[in-house]
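The values are calculated or read from the model by the stated rules, or taken from the named source; none is laboratory data. Not measured: the values here are computed from a predicted model. As a convention, Cβ positions derive from the backbone with ideal geometry for all residues, glycine included, and neighbour counts pool all protein chains shown. Side chains are part of the model used for accessible areas, which takes the heavy atoms of the whole protein and leaves out ligands, DNA and RNA. Shrake-Rupley method; radii C 1.70, N 1.55, O 1.52, S 1.80 Å.
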Amino acid sequence: MNTLTPKQTVQELDKYIIGQDEAKKAVAVALRNRYRRMQLPESVREEVTPKNILMVGPTGVGKTEIARRLAKLVDAPFVKVEATKFTEVGYVGRDVDSIIRDLTEAGIRLEKDRQVGDIKDQAVQAANNRLVELLAHPVRKKANPIDIILGNTRKEPEESPEQKEIMSSKRESIRARLMAGELENEMVEIEVEQTSPKAEIPGTDMSISDMMGGMLPKKTKIRKVPVSEARRILTAEEEDTLVDMDKVYSEAISRVEQHGIVFIDEIDKVAGQSSKTGPDVSREGVQRDILPIVEGCTVNTKYGPVRTDHILFIAAGAFHVSKVSDLIPELQGRFPVRVDLKPLTVEDYKRILTQPQNALISQYRALLKVDGVELEFEDEALELIARHTFDANESSENIGARRLHTVMETILSDIAFNAGGGDAPETKVVITPDYIRGQLKNAAANSDLHRYIL
């Protein structure tokens, strides 16, 4: 359970997201209320439901990033879905119950990773033991089950005491070399399970193999791989053996129910009254299908039933064409906290370039450093990039901070193309306002800026 205060949560979000203080405050309070709820007596706890949040603002201003970073802060099951991917029951499209199924899968991955961390050393040790045996005794293909039934298999002769002593000495020698890292590139044959695409049964999250409950025998094959790769494969197998999956499923479902976060993007695209014909036929139907999940219901998954009463839902939309009031009243009432995200300013774009952890400028510096190019940006150059991005968004479709990626690619395209090569000396490149103007002159001369839209 994350015990960050709302102020501490906002401070963490500030490391990655520029501006949008109102939205950060809203999600920070929602997060803290989850902690507060878990401290209440159970009789009261069940009555306290999450205060779902509706974010309203143009694209590219940080709506999705706020929700994603929030989930990472609390290490909570998180899933992002787009409302437009769903259609009213009876039409072609995804079933809204798949939202909770996907969230459950995310919770299981998190819980399994958590439990694997506890037995990681034990799994690595078991994998190394298997490697010693494989290097001492090359893998033998398993006998055919039919031959076993018919008694056609040949029994291996027992080792003599002298042979056992020789093999024991051989194992110790191999183990010493393995631990010293001398055998990492040695090729070894291992038996692995054959993987094949699972055909899901329509309308469920189960495949035919799931329905058979493991009755069908697993197909295996022999692979010849380096010891380093074999250790990774064998460690994963040992982890699967050591982890109690029943415990993983029960813990994961509990975390999904109590701490899961669902981010529904483009909710505005299903707003408005449905028409009898045309592509809008299922808009209101999608809202009515989503409503029970947000209100609180039980969704059946292949891991067991999952209640949605205490899952936090965060919806977002630009609402350029439609309005929040165009959503059906019942759905509006299930998102009591509404926050308006502000369009980005020139100063915001400049801060996005440099201030967040792993900011865009830092990413490009790291990428080109690989090829011996050290990038340096003059302050006026950063100002020009921010100004050009702002003007481009104002002149055409506003795609927010995403346009910075396109502008940066345009500016650095020649440098990135010419960098590299084994004989290329290390060099320092200073990005000046004049260089940027030269790279963007074609765009400035052409008033049609649509080619910058991602």
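Below, the figures for the structure above:
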{"item": "Per-region count, the range 384-397, residues surrounded by fewer than 17 Cβ atoms within 10 Å (Cβ to Cβ) and either of a type in the set (Phe, Trp, Tyr) or in contact (Cβ under 8 Å) with a residue 24 or more places away in the chain (or both)", "result": "4"}
{"item": "Any hit, the range 365-385, residues being among the small types (Gly, Ala, Ser) and modelled with pLDDT under 90", "result": "yes"}
{"item": "Among the candidates 54, 70, 103, residue that is modelled with pLDDT of 90 or more, over 23 Å from residue 300 (Cα atoms) and open to solvent by less than 20 Å² (accessible area, probe 1.4 Å)", "result": "54"}
{"item": "Condition met for residue 118 (surrounded by 15 or more Cβ atoms within 10 Å (Cβ to Cβ) and at pLDDT 85 or above)", "result": "no"}
{"item": "Condition broken by residue 67, with the remaining ones in (1) over 15 Å from the mean Cα position of the chain (by Cα); (2) in a helix (DSSP H, G or I); (3) among the small types (Gly, Ala, Ser) satisfied", "result": "(1)"}
{"item": "Cross-chain or 6+ apart pairs with Cβ under 6 Å, the range 2-26 first and aromatic (Phe, Trp, Tyr), then part of a helix (DSSP H, G or I)", "result": "16/69"}
{"item": "Filter result for the condition that a residue is under 19 Å from the mean Cα position of the chain (by Cα) and touching a residue at least 40 places away in the same chain (Cβ under 8 Å), over 72, 80, 51", "result": "80"}
{"item": "In the range 319-335, the residues that are open to solvent by 80 Å² or more (accessible area, probe 1.4 Å) and either at pLDDT below 90 or under 29 Å from the mean Cα position of the chain (by Cα) (or both)", "result": "320, 321, 323, 334"}
{"item": "Hits in the range 6-22 (condition: more than 15 Å from residue 61 (Cβ to Cβ), over 23 Å from the mean Cα position of the chain (by Cα) and open to solvent by less than 70 Å² (accessible area, probe 1.4 Å))", "result": "6"}
{"item": "Residue 304 vs. criteria modelled with pLDDT of 90 or more and open to solvent by less than 50 Å² (accessible area, probe 1.4 Å)", "result": "yes"}
{"item": "Any hit, the range 34-49, residues being closer than 30 Å to residue 403 by Cα and touching a helix residue (DSSP H, G or I) at 6+ places or on another chain (Cβ under 7 Å)", "result": "no"}
{"item": "Residues located in the range 406-434, provided they are in a helix (DSSP H, G or I) and of a type in the set (A, V, I, L, M)", "result": "407, 408, 411, 412, 415, 416"}
{"item": "Out of 437, 403, sole residue that is assigned to a helix (DSSP H, G or I), surrounded by fewer than 16 Cβ atoms within 10 Å (Cβ to Cβ), in contact with a helix residue (DSSP H, G or I) (Cβ under 9 Å, 6 or more places away or on another chain) and touching a residue at least 40 places away in the same chain (Cβ under 8 Å)", "result": "437"}
{"item": "Check on residue 247, in contact (Cβ under 8 Å) with a residue 24 or more places away in the chain, in contact with a strand residue (DSSP E or B) (Cβ under 9 Å, 6 or more places away or on another chain) and open to solvent by 50 Å² or more (accessible area, probe 1.4 Å)", "result": "no"}
